[in-house]
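The values are calculated or read from the model by the stated rules, or taken from the named source; none is laboratory data. Since the model is a prediction, treat every value here as computed from it, not as a measurement. Note that each Cβ is placed from the backbone with ideal geometry, even for glycine, and that neighbours are counted across all protein chains shown.
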Amino acid sequence: MTERAHAFPPKQDVVGTGISLLTFDELMASFEARPHDRATIVTITNVHAVMAARRDPDLRQALDGADITTPDGMPVAWALRSMGNPDQERVSGAKVTTTALETGLERGWRHYFYGSTVETLDKLRTAIGEQHEGVRIAGTQSPPFRELDAAEEDAVAAGIMETKPDFVWVGLGMPKQEKWMLRNKHRYPGVVLVGIGAAFDFIAGTKPEAPAWMQKAGLEWVFRLASEPRRLWRRYIFNNPAYLVAWAKQAIGWKLRNRKA
C-alpha cells in the first residue's frame, strides 16, 4: 500500500480528546484511501463522548486509538474553531452515513449494519432503499445486548466478513460501540468501522432528529432532552456546563500561548 492509504486527517485536542480536523470531502477521501491490511476506526465524537472519556480510561483509549474522531455536535466544532480552525464544520453521524451511502454508489461500496434491534434494522434497510436507490447493503445484524466472548466475536466477524463489506456501521451506543471497534479491529482488515449510535434510529425514522436550525445553533441537546428527558437529563445537566468550563479554560490557554508566540 502507498503512504497515502495510511494518512488520516490530523487531530487537535479538545478537552482531553483528539478531534480530527476534516471536511466531509476529506473524510470520503480517507475512506477511499483506507488501508487494506487492517481496519479503519471512525468515532463520531460529541460532548457526551468527550466528557465521558475524562472519567472512563477504556473509552479514552478507544477514542485515542481511532483513526478518525469526527466533531459531532456544534460545541465540539466551535471548540476547534476557537483554537485556530475557523472553518471547521460539524461532522455528524447521520450525515457521515448518508454521505458515504451516496458516495459509495459509483464506487460499489458495500455496507453492513451491526447493532440496534431487528425492528429498527428492518426500517433502516427500507429507508435506505427508498432514499438511496442502488445502495449495496451487505447485511444487518442485531447482536445480543450482553457482551460477547472472544469465540462469539470471532464467529460474528467471520459471518460479517463473508459478506465482503467495505463498511460496518456499528450502532451499539456510546461507549460500547467505541470499545467494541477497538477490541475487534484485528478481525476486520480493510473494513471501515464507524460507530454511529443514534444515527440508526434517525435514518430508520424510529426517533426524531432535531431540526437543522437547532443543530446549527448548537441546540440539538435541547431537542433530545425534550424527547427523552428521563434517559438524558443527567447527561446534559452535568456534562454540558462542565464541558463549557473546560473548553473555556483550554481556549484561553491556547490564545495566551499563541499571543506570546
Requested in this report: Please name all residue pairs, on different chains or six or more residues apart, with Cβ atoms under 8 Å, provided the first residue is in the range 11-26 and is assigned to a helix (DSSP H, G or I) and the second residue is surrounded by fewer than 22 Cβ atoms within 10 Å (Cβ to Cβ) and of a type in the set (D, E, K, R).
Outcome: Phe24/Glu89; Phe24/Lys95
Query - Residues located in the range 225-243, provided they are in contact (Cβ under 8 Å) with a residue 24 or more places away in the chain and either farther than 12 Å from Val47 by Cα or charged (D, E, K, R) (or both) - result: Arg235
Query - Hits in the range 54-72 (condition: touching a residue at least 60 places away in the same chain (Cβ under 8 Å) and closer than 16 Å to Leu27 by Cβ) - result: Ala66, Ile68
Query raised in the report: In the range 127-154, which residues are assigned to a helix (DSSP H, G or I) and either of a type in the set (A, V, I, L, M) or within 23 Å of Asp201 (Cα to Cα) (or both)?
Result: Ala127, Ile128, Gly129, Glu130, Gln131, Ala150, Ala151
Query raised in the report: Looking at the range 219-256, which of its residues are at pLDDT below 90 and of a type in the set (Lys, Arg)?
Result: Arg224, Arg230, Arg231, Arg234, Arg235
Query raised in the report: Across the range 44-97, what is the total count of residues that are in a helix (DSSP H, G or I), under 30 Å from Gly134 (Cα atoms) and modelled with pLDDT of 95 or more?
Result: 2
Query raised in the report: Can you find even one residue in the range 187-197 that is at pLDDT 95 or above, among the aliphatic types (A, V, I, L, M) and over 25 Å from Gln61 (Cβ atoms)?
Result: no
Query raised in the report: What do you reckon, is Ala7 of a type in the set (A, V, I, L, M, F, W, C) and without any contact (Cβ under 8 Å) to a residue 40 or more places away in the chain?
Result: yes
Report task. Being part of a loop (DSSP other than H, G, I, E, B), small (Gly, Ala, Ser) and in contact with a helix residue (DSSP H, G or I) (Cβ under 9 Å, 6 or more places away or on another chain) is the filter; apply it to the range 102-122 and report the residue that is surrounded by the fewest Cβ atoms within 10 Å (Cβ to Cβ). Result -> Gly104
Query raised in the report: Is at least one residue of the range 89-99 in contact with a helix residue (DSSP H, G or I) (Cβ under 6 Å, 6 or more places away or on another chain), under 29 Å from Phe145 (Cα atoms) and free of Cβ contacts under 8 Å to residues at least 60 places away in the same chain?
Result: no
Query raised in the report: So which of Gly65, Gly18, Gly108 ends up being at positive phi and in contact with a strand residue (DSSP E or B) (Cβ under 9 Å, 6 or more places away or on another chain)?
Result: Gly108
